[in-house]
């Protein structure tokens, strides 16, 4: 894709803490039928598991994106410069069930090599392949004070995805 440079996961050197907690990201999933949905994320992680570079993602079952993730979608995490924070806030407050929220937020859909969804405005995108998923259970929490995050919404499904490629501008 024009304007993108591929880098190896081991050469990636940005703070994942800043990227997720402060900058946020769009988690996007593309089904086989071509439909794409995205949601803003600020929880997650990156590391090594099973000898692979991976991203750890968390999606609540009531989120529209959850169905896309469960359907073995092409998945990406896209990061943006600060000028797009309001677009990410919009995508976090609206559901894809209501319409094309990326377009409503002023973002333009694009595809990375391999058919992974991203956005023309993104400065960084991880192309991900799902390896594992499991639903959190209340009885699995050792620190039950964390259940305060789930008083009105369901527990997350945890996804472990291999970082197949990283693209940056």
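Nothing in this text is a laboratory measurement; each read-out follows from the coordinates by a stated rule. Everything quoted here is computed from the prediction, not taken from an experiment. Methodologically, a virtual Cβ is constructed for each residue, glycine included, from the backbone with ideal geometry; neighbour enumeration extends over all protein chains shown.
Which distance in nm do the two modelled labels at residue 8 and residue 131 give, with both placed 7 Å along the Cα-to-Cβ direction?
Label-label distance for residue 8 and residue 131, simple model: 1.8 nm.
Between the alpha-carbon centers of the stretch 34-73 and the stretch 1-31, tell me the distance in whole angstrom.
Cα centroid to Cα centroid, the span is 13 Å.
Sorting check: for 44-53, 61-70, which peptide has the highest mean count of neighbouring beta carbons within 10 Å, and how do the rest follow?
So the order, starting with the most tightly packed, is 61-70, 44-53.
Divide by every residue of the chain the summed helix terms, -39500 (n - 2.57) for each DSSP H run of at least 4, and state the resulting mean residue ellipticity at 222 nm, rounded to the nearest 500 deg cm²/dmol.
So the helix-based figure for the chain works out to -3000 deg cm²/dmol.
Using packing as a proxy for protection, rank 146-153, 72-79, 35-42 so that the peptide with the highest average count of other Cβ atoms within 10 Å comes first.
72-79, 35-42, 146-153
For residue 111 and residue 144, calculate 0.36 nm times their separation in residues minus their Cα-Cα distance, and state this gained length in nm to one decimal.
7.8 nm
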